[in-house]
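One structure below.
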Amino acid sequence: MTKPRTAVITVVRGRHRHLAMQERALAGTTPRADIRCLVALDDLAAPELAPDALIVHCPTTPRGLPLARARNLGAARTLLAGAELLIFLDVDCLPGETLIGRYADAHERTGNALLAGPVTYLPPASQGYRLEHLDAMTNPHPARPAPQPGTLVEATDHDLFWSLSFAVSATTWHQIGGFCEDYVGYGGEDTDFAALAKQRSVPLVWVGGAHAYHQHHPVSDPPIEHLEAIVANARVFRRRWDRWPMVGWLNEFECRGLLVRRGAQIMVTQP
């Protein structure tokens, strides 16, 4: 069977050091992607780091970064360029050497599926990461399945899907319908995407060996700086699916007195 024409799509806003490392890692994958696409969120400097990429410009909004719309724009551009397998990679993630090949093989074996690979969160590295050492640092996040290389595992819970690293065929992308652009800013749009996949009978399959490595950056847990966006997006999700997403974060925010939920209503309280 002929290998699918692959595209790697990354949405970027800042994180230029991480993007530069990602470009180096992509150059070392076997096979390499046929198409590279950057979606720049009001970021004029990022395209200079990927001179051979297809560049899509996406404006930000007063409400925050339109990540769902940005991914949709990247998909549309690469489909227009003839992509048959869309691989989405977060700007913080370095692809393992075999990530593209593993996703392509999984696509050939499953056909109609939402494909997700394991992600290792890397420790801080003030001088950056040595790509030749990534394999030895593999330690997938324990909250997600991490099958052995070459093994495919169909998920029983679509809510485990995350958008750090995933792949979908052109046909399946159209079947799911892309990301809902009602979501703006941090949180919820990937859970919604997976819910759409489940609703439309698209299985979530975890791909052993499709490793990605998340470069370290400071985070807060829970992400209080994104409280307003998380609450706004939680309202969107509740309206669409009649349940709350991001339950762990919402529970923690509520325990800290930062929000109140009453039935289907959610309100941010004053600190």
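The values are calculated or read from the model by the stated rules, or taken from the named source; none is laboratory data. Source: prediction; values computed, not measured. In this analysis, Cβ positions are derived from the backbone assuming ideal geometry, glycine residues included, and neighbour counts consider all displayed protein chains. With ligands, DNA and RNA removed, areas are computed over all heavy atoms of the protein, side chains included. Shrake-Rupley method; radii C 1.70, N 1.55, O 1.52, S 1.80 Å.
Please express the Cα-Cα pair-distance distribution P(r) of the chain as a list of whole percents, one per 10 Å bin, running from 0 to the bin with the greatest distance. Result returned by the calculation: 7, 29, 37, 22, 5, 0.
Can you give me the Rg/Rh ratio for the range 174-239, using Cα atoms for both radii and the Kirkwood formula for Rh?
Values: Rg = 14.5 Å, Rh = 14.0 Å.
Using only Cα positions, Rg/Rh for the range 174-239 is 1.03.
Summed over the residues of the chain and divided among them, the accessible surface reaches 47 Å² per residue at a probe radius of 1.4 Å.
At 4 °C and 1.567 mPa s, what whole-number value in µm²/s does Stokes-Einstein give for the translational diffusion of the range 212-271, with Rh from the Kirkwood sum over Cα pairs?
Numbers: Rh = 12.4 Å.
Once the numbers are plugged in, D ends up at 104 µm²/s.
Taking every Cα-Cα distance in the range 44-114 and sorting them into 10 Å bins starting at zero, the pair-distance distribution P(r) comes out as 15, 42, 34, 9, 0 percent. Approximating the spin labels as points 7 Å out from Cα along Cα→Cβ, the Gln175-to-Gln127 distance works out to 4.8 nm.
In deg cm²/dmol, rounded to 500, what helix-only [θ] at 222 nm does the chain give when every DSSP H run of at least 4 residues adds -39500 (n - 2.57) and the total is split over its residues?
Calculated from helices alone, the mean residue ellipticity at 222 nm is -9000 deg cm²/dmol.
Normalising the Debye intensity of the range 140-268 to I(0), with uniform scatterers on Cα atoms only, and taking log10 at q = 0.12, 0.17, 0.18, 0.22 Å⁻¹ returns -0.53, -1.01, -1.10, -1.37. Across Thr61, Thr191, Thr98, mean-square fluctuation computed from a Gaussian network of the chain (C-alpha pairs under 10 Å connected) peaks at Thr61. Ordering 212-218, 67-73, 263-269 by mean Cβ neighbour count within 10 Å, with the highest value first, yields 67-73, 212-218, 263-269.
Got a number for carbon plus sulfur as a percent of the range 78-174's accessible area, 1.4 Å probe? Roughly 49 percent, rounded to a whole number.
Rounded to a whole number, what is D in µm²/s for the range 1-138 from Stokes-Einstein with the Kirkwood radius over alpha-carbon pairs (10 °C, 1.306 mPa s)? Can you show the working numbers first?
Working: Rh = 15.7 Å.
Result for D is 101 µm²/s.
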